[in-house]
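Novice: Before I ask anything, let me first share the structure, which is written out below as structure tokens.
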Amino acid sequence: MAKILVVDDDDLVRELLADAVDRRGHTALCAGTLAEARRILAHEQPDLVYMDVRLPDGSGISALEEIRASPGAPEVVIITGQGDPDGAELALRCGAWDYIEKPSSVEAMVLPLLRALAFREEQRRRNVPTLAADSGIVGASPKMAACLARAAMAAASGVDVFISGETGTGKEVFAQAIHQSGSRAASRFVVVDCTTLPGNLAESELFGHERGSFTGADRRQIGLIKQADGGTLFLDEVGELPLPLQTKFLRVLQERSFRPLGGEAEIKSDFRLVAATNRDLSAMVRRGEFREDLLYRLRTFRIELPPLRERAGDIQALMAARLAQAKDAHEGGLREASPEYLALLETHDWPGNVRELLQTVDMSLISAHGERVLLPQHLPLDLRVRLMRRSVANRAEAGRMVPLDRALDQTMDQAMDHPAAGLAGALKPWREHRAQVLELAERAYFSALLLHTGGEVALAAQVSRLKSARLYELLAKHGLLKARRGQTQIPEFPESCADNDG
């Protein structure tokens, strides 16, 4: 018997789903708000959660990762009365089991429940694959947990893997973990950095060559593809693979055989391919810079690594792991970081991701010079300056945002300062005044919304409960479409919402 949590502010929907759950022999738990759902999740471990998108105290999609990360890791089925393609994509990317539009028949809404429970039961019966304990990957945030699960599946299956993500997110670390956790761990892990392949010798590097096959070929050379025979071939930054080589490499992937330069016979190589890139290969295909058929072949099994700014809680874990390594290397040295130091790390966007974070910690250790506790003063100076400038700028922007009730108080004070005979000259007509106040409040809201969501319009649409088209219309109206992370335009209220031009 499973526990099913139904989160919806519509009494009828809750009752219908709860009744359907009860009739199938399971226990139904109900909540009308996110706050109620959180209280239930604190004491119960449901197997599945039906989650409405629009709730009185927040967005169901925004809370999806939080719910998936709760004890028991329940599956989540999103139910919504207003379907939205962007919302559906966001829900699936955040780990939703399914996305259902209301109204739907009870049978249609129960089917995902049956599928999900059968899946979870099958998971319990068999051993779920995991990565090797010494994989070197640190992090337990929901997005990282999903990536680790996919990496473990890839390692167990032997399938070719395509890893995408920003620079510094750990693509090579994941590739090595997949290799070490699979059946090829005893064989070689061969790295091909496509950014450094020599233009005229790239083919020789990959396929090898026979003696005398070209000027300077004074001996036979075994190519990297053959060196990976029985092991893993890691193509790092595969988007940089020269276009003429892409056709030949596609054939290698299909046949697992090739002919060295100057060779007469085909050579076999049984390798597992792991390819990685930080580029948008689909865009490169549209520009004619990457072969579409090769891209389809590479994307057999995809892992998309999240940037560090989206890995809630992982910064502290990564830093703690780095400090532990430093302790092992230098006994009696530094042991911990101060809360102030940690707080500053959490406020940075980390455009260089994990690589930048670890380099920053290493530089802090050098600056600390054997001290036991890391302090903000041990951070690299350029980073401290950037964080301080941002903090001062944010406080200044907050100071310029006059609360709406204060603006209205100023209007009242201005009116009270004039005698009744001159009141018409102190205030605008009601309709005009109301339009001005609403305009200011509207712009303040959408500026704060973009600041809260980091300039991500899709997420802003979910939080504001507006259709994407309507949200874009309002952002354009207030000149906020160019607002992005760290650059959100904050409105400045005038001294008074009324002017005295009569």
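The values are calculated or read from the model by the stated rules, or taken from the named source; none is laboratory data. Just so you know, these numbers come straight off a predicted model, no measurement behind them. Ideal geometry is used to build each Cβ from the backbone, glycine not excepted, and the neighbour counts take in all protein chains shown.
Novice: Restricting attention to the stretch 248-267, which residues are touching a helix residue (DSSP H, G or I) at 6+ places or on another chain (Cβ under 8 Å) and part of a helix (DSSP H, G or I)?
Specialist: Once the filter is applied, which keeps residues that are touching a helix residue (DSSP H, G or I) at 6+ places or on another chain (Cβ under 8 Å) and part of a helix (DSSP H, G or I), the stretch 248-267 yields 248, 249, 250, 252, 253, 254.
Novice: Another question about this same structure. When residue 159 is evaluated against the numbered criteria (1) surrounded by 17 or more Cβ atoms within 10 Å (Cβ to Cβ); (2) over 27 Å from residue 61 (Cβ atoms); (3) out of contact with any strand residue (DSSP E or B) (no Cβ under 6 Å at 6 or more places or on another chain), which criterion, by number, is the only one it fails?
Specialist: (1)
Novice: Which of the residues that make up the stretch 185-223 are surrounded by fewer than 16 Cβ atoms within 10 Å (Cβ to Cβ), within 43 Å of the chain's Cα centre (by Cα) and over 16 Å from residue 272 (Cα atoms)?
Specialist: 193, 195, 196, 198, 199, 200, 201, 222
Novice: While we're here: Taking residue 123, is it more than 25 Å from residue 94 (Cα to Cα) and in a helix (DSSP H, G or I)? Before the answer, list the steps.
Specialist: Working: more than 25 Å from residue 94 (Cα to Cα): no; in a helix (DSSP H, G or I): yes.
It is false that residue 123 is more than 25 Å from residue 94 (Cα to Cα) and in a helix (DSSP H, G or I).
Novice: Output yes when any residue across the stretch 257-267 is surrounded by fewer than 19 Cβ atoms within 10 Å (Cβ to Cβ) and within 28 Å of residue 147 (Cα to Cα), and no when none is.
Specialist: So in the stretch 257-267, the residues surrounded by fewer than 19 Cβ atoms within 10 Å (Cβ to Cβ) come out as 257, 259, 261-267.
Those still in the list that are within 28 Å of residue 147 (Cα to Cα) too: none.
No: the stretch 257-267 contains no residue that is surrounded by fewer than 19 Cβ atoms within 10 Å (Cβ to Cβ) and within 28 Å of residue 147 (Cα to Cα).
Novice: In addition: Taking the condition of being part of a loop (DSSP other than H, G, I, E, B) and buried (at least 17 other Cβ atoms within 10 Å of the Cβ), how many residues in the stretch 268-277 meet it?
Specialist: Taking the stretch 268-277 first, the residues part of a loop (DSSP other than H, G, I, E, B) are 269-271.
Narrowing further to those that are buried (at least 17 other Cβ atoms within 10 Å of the Cβ): 269, 271.
Total satisfying the criteria: 2.
Novice: Identify, from the list 298, 308, the residue that is at pLDDT 90 or above, surrounded by 15 or more Cβ atoms within 10 Å (Cβ to Cβ) and within 21 Å of residue 228 (Cβ to Cβ).
Specialist: On the way: 308 fails: within 21 Å of residue 228 (Cβ to Cβ).
Just a single option satisfies the conditions, and that option is 298.
Novice: For the stretch 174-209, name all the residues that are touching a residue at least 60 places away in the same chain (Cβ under 8 Å) and within 30 Å of residue 310 (Cβ to Cβ).
Specialist: Correct list: 174, 175, 178, 179, 182.
Novice: Could you list, in sequence order, the residues of the stretch 204-216 that are touching a strand residue (DSSP E or B) at 6+ places or on another chain (Cβ under 6 Å) and either under 30 Å from residue 157 (Cα atoms) or among the hydrophobic types (A, V, I, L, M, F, W, C) (or both)?
Specialist: So in the stretch 204-216, the residues touching a strand residue (DSSP E or B) at 6+ places or on another chain (Cβ under 6 Å) come out as 204, 207-209, 213.
Passing the criteria: 207, 208.
Novice: Now, a different point. What residue, of 72, 95, is crowded, with 18+ Cβ neighbours inside 10 Å and modelled with pLDDT under 85?
Specialist: On the way: 72 fails: crowded, with 18+ Cβ neighbours inside 10 Å.
Of the residues listed, the single one that is crowded, with 18+ Cβ neighbours inside 10 Å and modelled with pLDDT under 85 is 95.
Novice: Name the pairs whose Cβ atoms lie under 7 Å apart, with the first residue in the stretch 354-381 and free of Cβ contacts under 8 Å to residues at least 40 places away in the same chain, the second part of a loop (DSSP other than H, G, I, E, B) and of a type in the set (D, E, K, R), and 6 or more positions between them or separate chains?
Specialist: 372/335
Novice: Additional query: Which number in (1) surrounded by fewer than 17 Cβ atoms within 10 Å (Cβ to Cβ); (2) among the aliphatic types (A, V, I, L, M); (3) touching a residue at least 60 places away in the same chain (Cβ under 8 Å) marks the one condition that residue 144 misses?
Specialist: The one condition residue 144 does not meet is (1).
Novice: Condition check: touching a Cys at 6+ places or on another chain (Cβ under 9 Å), part of a helix (DSSP H, G or I) and of a type in the set (Asp, Glu). Does residue 107 satisfy that?
Specialist: Details: touching a Cys at 6+ places or on another chain (Cβ under 9 Å): no; part of a helix (DSSP H, G or I): yes; of a type in the set (Asp, Glu): yes.
It is false that residue 107 is touching a Cys at 6+ places or on another chain (Cβ under 9 Å), part of a helix (DSSP H, G or I) and of a type in the set (Asp, Glu).
Novice: Mind checking whether some residue in the stretch 112-127 is of a type in the set (Gly, Ala, Ser) and under 25 Å from the mean Cα position of the chain (by Cα)? Walk me through how you get there before you give the answer.
Specialist: Step one: of the stretch 112-127, the residues of a type in the set (Gly, Ala, Ser) are 116, 118.
Keeping just the survivors that are under 25 Å from the mean Cα position of the chain (by Cα) gives 116.
Yes: one or more hits.
Novice: Let me confirm something: among 379, 334, 342, which residue is at pLDDT 80 or above and buried (at least 19 other Cβ atoms within 10 Å of the Cβ)?
Specialist: 379
Novice: Considering only helices (runs of 4 or more DSSP H) fully contained in the stretch 140-242, which possess at least 1 residues that are in the same structural domain as residue 279 (by TED's automatic domain parsing) and of a type in the set (Gly, Ala, Ser)? Walk me through it before giving the result.
Specialist: Numbers: elements: 142-157, 171-181, 202-207, 224-227.
Ranges flagged: 142-157, 171-181, 202-207.
Novice: At least 1 residues that are closer than 21 Å to residue 108 by Cα and of a type in the set (Gly, Ala, Ser) in each: list the helices (runs of 4 or more DSSP H) lying fully within the stretch 1-68 that qualify.
Specialist: On the way: elements: 11-23, 34-43, 64-68.
Where helices (runs of 4 or more DSSP H) fall fully within the stretch 1-68 and carry at least 1 residues being closer than 21 Å to residue 108 by Cα and of a type in the set (Gly, Ala, Ser), they are 11-23.
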